[in-house]
Amino acid sequence: MIQKQIPVIPLRGGAVFPGVTTTISIGRRRSLAAAQAALEQGGDLLILVQYNADIEDPTTDDLVPIGIRANVRDVLRAPHVGVQMLVDLHRRVQFLSLEDGEPYLKGTYAELPTKTDDAPPLLMAETIAYLEQYAEALGEANQQVIANTRSKDTAGQLADYMSGLLNLPFDLELELLQDLHGVGRLDKVLDYLKKELRIAEIRSKIQEDARAGADKMQREFMLREQMKAIRKELGDEGEDLVEMLRKKISEAGMPTDVQERAESELKRLEYQGPQSAEASVIRTYLEWMVELPWNSMTEDNLDIDHTRAILDEDHHGLEDVKDRIVEYVAVRKLAGNKMRGAIINLNGPPGVGKTSIATSVARAMGRKVARISLGGVRDEAEIRGHRRTYIGAIPGRLIRALRDAGTRNPVIVLDEIDKVGADWRGDPASALLEVLDPEQNHSFTDHYLEAPFDLSQVIFITTSNQLSTIPAALLDRMETITMPGYIEDDKLAIATHYLLKKQLEGHGIGDLEMTLTKEALIDMIRHYTREAGVRQLERNIGSVVRKLAVQVAGGKSGPFTVTAADVAEFLGPQKFTYGTAEEQDEIGVVTGLAVTNFGGNILPIEVSLSEGNGRITLTGSLGDVMRESAQAALTYTRANARALGLSPTLFDKVNIHIHVPDGATPKDGPSAGISMATAVISAFTQRPVRKDVAMTGEVTLRGKVLPIGGLKEKTIAAHRAGIKTVLLPKDNAKDIPELPDRIRKDLTLIPVQSLDEVLKVALLTSLHGPFTVESNAEPDPHPTVPPITPNGGAERPIRAACSYEPGQFKEANNPV
């Protein structure tokens, strides 16, 4: 093997191939010296390729073992390009060693054995054909280059020529440089061309599509500009509206199918004349579509302590509602958007804060609130909207509320849902079935929009005064929380902490130093209001504040103290009274307890006996259930006559009159059973009833005492009336811990299981013996009811034990 030593130039970042004349840029000092030395010594030069372009001074191991034997023709210096040498690339040689000297590198090489390339003509033709297609795809076809490829005689020459033309990856260049088999090199070049041609075709298609799209957009732009010019000449500038709507549609965040529908309507609008009725309908429809909060949501405040603090700050009591909202916030914090909105129905009498608590819920969670009043609504279109075929059609109230709220997760209050009506225009309650069903309201469809809207993140809070008028299917979809009327303690706290401050600020004297004493507030609650809520109480406080505002406007600066004596001066005579305990122990008079929509009160029950034929008279506007309780009490008394020390025949000789004042107030319910039985037994046995004892409970024919409702309200009424002892059913003993502390402290609460236990506590010893009738006296065929004359025959004066409003006791859920 003949070894030769000549100047060496190492190349960085690329390779060259034999068979061509080309220019090579020179950047290193020793490479320039090697080129000049080669030029001076006849032009022989060895070009080698570095594996790593970052190495400034390569060694033998850093260079590819196959190099190119070249001949330097000239070294050129050009501005902006640097130094370049013009070189002829002859053939591959075997690189042996490198001598690291100055001023340039020298290398030793040996010639490689010559190999013949028997390449199939088809392979060479196929490669040239792919090169032509590749050049056309890139738009760089050159007939001279193609002619040069056809002039190559062997596969190796063709492969080397094409390798110099193509922008090959560096790894592939190294493979081709070191591959001594021409056919193998040509196969690799052909594979690369095939791959690049596929990429070029895809790139060309993308560019073609993009160009077509751009052409279409340009064409549409030109057409719109022409339409704009035409409309401008006609005095119509409506195109600005179309562009504005198109922009709003793209920014509205609509679901894909909804956006497609809106864009379709927008195209219809473009083709409509500005004066056509259809254009106005489409425009209104699109304006509704773009104004809805399709993708706008407020961020929930999921701080449980903050939520509870806001609810407590705005409302006193209402623990059930507050606990439910706190639970929702807690679960929302854990489950995120996977949790659907709550659907809660608040049921209770007017004025207890059902609507205002919903506003507090929204404030506590950081949500917007929208209120929809359903009282008297009879048209289904109020909920679902009108179809666009009708003149003046608009969406339903739900969609309008969402538009006004500007978010798709507000708190929506459906007020007075129990007062929704139905007629020939449809049933709004049936339309609400979809709205209040968590399984359906994620795709609520309004008749006007005709596109689904997601209501699943909305918190629905409905309010009602009674459940009986709500359809069963609708009631089943809601979680009902009962809000009973406020007791006196609640009203006192609400007036002290909320209403007084609100009225002072509302009348412009919020900074006034004013004290409304506890006694004055109690007087206002007891004698100037009769309600379950606090609306009338707030009005009365407002009246007092206005009186003080007059004094402040007149020059007085306060401080002011309003006492119980001042209340009558400000509000006038007392409007209501409440029951009080009896002044003395009486025969046939028992203090019962009742519950109304306005709270509790005592219920005096009077029994009078007279000679007669066993006739029974019930007066006092008693309902059927209360009359049946009186019958049960009389039957028990007759059945146990001997045990009570009475003659069984006595009942056929006596007329019995049971009266429950006041007579104008309807009363009903079973819980006066033991009161009636005790009054009847007291009248027959002539045993006085203790004046400081009140009782409540249903009685059976066997004398069993059954449980009742409204224990809290009844015991508070007894405490207010001055009662010391309250008899209650044993089954209601579990409710005693829920009573206010002062009630449990001041009252003696005695659970009883039978009427015998009631009589032992309530009745005193008789001073005259049982009621009797002279045996020789003939019964009067037309008896009259004499006045009740206990205690030695003195007539009992007419008393105003209580004053009720009509319908006060007529409530099945809170019986007397």
Exercise. Working only within region 175-187, note down all residues that are surrounded by fewer than 17 Cβ atoms within 10 Å (Cβ to Cβ) and assigned to a helix (DSSP H, G or I).
Key: Glu175, Gln178, Gly184
Self-check item: Which listed residue, of Gly376, Gly351, is crowded, with 16+ Cβ neighbours inside 10 Å, of a type in the set (Gly, Ala, Ser) and assigned to a loop (DSSP other than H, G, I, E, B)
Solution: Gly351
Exercise. Please enumerate the residues belonging to region 167-202 that are out of contact with any helix residue (DSSP H, G or I) (no Cβ under 7 Å at 6 or more places or on another chain) and without any contact (Cβ under 8 Å) to a residue 40 or more places away in the chain.
Key: Asn167, Pro169, Asp171, Gly184, Asp191, Lys195, Arg198, Ile199, Ile202
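Residue by residue, here is whether (1) over 21 Å from Val189 (Cα atoms); (2) modelled with pLDDT of 80 or more holds:
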residue	(1), (2)
Glu99	yes, yes
Tyr104	yes, yes
Leu123	no, yes
Ala129	no, yes
Gln133	no, yes
Leu138	no, no
Asn142	no, no
Practice problem: For Asp300, indicate whether it is open to solvent by 10 Å² or more (accessible area, probe 1.4 Å) and without any contact (Cβ under 8 Å) to a residue 60 or more places away in the chain. | Solution: no
Quiz item: How many residues, within region 261-320, are small (Gly, Ala, Ser), touching a helix residue (DSSP H, G or I) at 6+ places or on another chain (Cβ under 8 Å) and within 23 Å of Ala401 (Cβ to Cβ)?
Solution: 1
Self-check item: Only listed residue being surrounded by 16 or more Cβ atoms within 10 Å (Cβ to Cβ) and of a type in the set (A, V, I, L, M, F, W, C), chosen from Ala262, Ala277, Ala335
Solution: Ala262
Quiz item: Scanning region 379-388 for residues that are of a type in the set (Asp, Glu) and assigned to a loop (DSSP other than H, G, I, E, B), which turns out surrounded by the most Cβ atoms within 10 Å (Cβ to Cβ)?
Solution: Glu380
Quiz prompt | Test result for Gly614, of a type outside the set (Phe, Trp, Tyr), at positive phi and open to solvent by less than 20 Å² (accessible area, probe 1.4 Å) | solution = no
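Inside region 642-652, can you point out the residues that are outside any helix (DSSP H, G or I) and either acidic (Asp, Glu) or surrounded by fewer than 18 Cβ atoms within 10 Å (Cβ to Cβ) (or both)?
Arg642, Ala643, Leu644, Gly645, Ser647
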Quiz item: part of a loop (DSSP other than H, G, I, E, B), out of contact with any Cys (no Cβ under 6 Å at 6 or more places or on another chain), within 17 Å of Ile399 (Cα to Cα) and open to solvent by 60 Å² or more (accessible area, probe 1.4 Å): does that describe Glu450?
Solution: yes
Exercise. Filter region 699-712 down to the residues that are touching a Ser or Thr at 6+ places or on another chain (Cβ under 6 Å) and under 15 Å from Leu634 (Cβ atoms), then identify the one that is surrounded by the most Cβ atoms within 10 Å (Cβ to Cβ).
Key: Gly703
Practice problem: Working only within region 151-174, note down all residues that are of a type in the set (Phe, Trp, Tyr) and either surrounded by fewer than 17 Cβ atoms within 10 Å (Cβ to Cβ) or at pLDDT 90 or above (or both). | Solution: Phe170
Quiz item: Does Ile391 satisfy the condition of being buried (at least 16 other Cβ atoms within 10 Å of the Cβ) and within 30 Å of Ser280 (Cβ to Cβ)?
Solution: no
Practice problem: For region 88-144, name all the residues that are open to solvent by 30 Å² or more (accessible area, probe 1.4 Å), in a helix (DSSP H, G or I) and without any contact (Cβ under 8 Å) to a residue 24 or more places away in the chain. | Solution: Pro121, Leu122, Ala125, Ala129, Glu132, Glu136, Gln143, Gln144
Quiz item: Mind checking which pairs have a first residue in region 391-405 that is farther than 16 Å from Ala252 by Cβ and in contact (Cβ under 8 Å) with a residue 24 or more places away in the chain and a second that is in a helix (DSSP H, G or I) and open to solvent by less than 10 Å² (accessible area, probe 1.4 Å), Cβ under 7 Å, 6 or more apart or different chains?
Solution: Gly396/Ile383; Arg397/Ile383; Leu398/Ile383; Leu398/Val435
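The values are calculated or read from the model by the stated rules, or taken from the named source; none is laboratory data. All values reported here derive from a predicted model rather than from experimental measurement. Here the Cβ is made from the backbone with ideal geometry for all residues, glycine too, and neighbour counts use every protein chain on show. Keep in mind that these areas ignore ligands, DNA and RNA; they rest on the heavy atoms of the full protein, side chains included. Shrake-Rupley method; radii C 1.70, N 1.55, O 1.52, S 1.80 Å.
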